[in-house]
Amino acid sequence: MIETVLITLLIVAICLLLLGFKVFFVKGGSFPNGHVSGNRALRDRGIGCVQQQDREARQKPRFSLDD
């Protein structure tokens, strides 16, 4: 039982080290921006993030005469 827990902890530690390699070992390194607004290809296609769309919808009057 203890051996299984230790092996699991070792595997998790190795995974975290590999996932954070750029952050831990590269000067000025950071995790890549995985958010939709940080992806240029999606922005070029006009695909936006839900949070941004919600923010824009809340600023628009609920009953506007534009529609």
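The values are calculated or read from the model by the stated rules, or taken from the named source; none is laboratory data. The structure presented is a predicted model; accordingly, all values stated were derived computationally and were not measured. Reconstructed Cβ throughout: ideal geometry from the backbone, glycine too, with neighbour counts over all protein chains shown. All accessible areas refer to the heavy atoms of the entire protein, side chains included, with ligands and DNA or RNA removed. Shrake-Rupley method; radii C 1.70, N 1.55, O 1.52, S 1.80 Å.
Summary table
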quantity	calculated
All positions within the stretch 8-31 that are open to solvent by 100 Å² or more (accessible area, probe 1.4 Å) and either assigned to a loop (DSSP other than H, G, I, E, B) or not aromatic (F, W, Y) (or both)	L9, L10, L16, L18, L19, K22, K27, F31
Count - residues of the stretch 32-45 that are part of a loop (DSSP other than H, G, I, E, B), exposed (fewer than 10 other Cβ atoms within 10 Å of the Cβ) and of a type outside the set (S, T, N, Q)	3
Those residues of the stretch 46-62 which are part of a loop (DSSP other than H, G, I, E, B), without any contact (Cβ under 8 Å) to a residue 12 or more places away in the chain and within 19 Å of the chain's Cα centre (by Cα), in sequence order	G46, I47
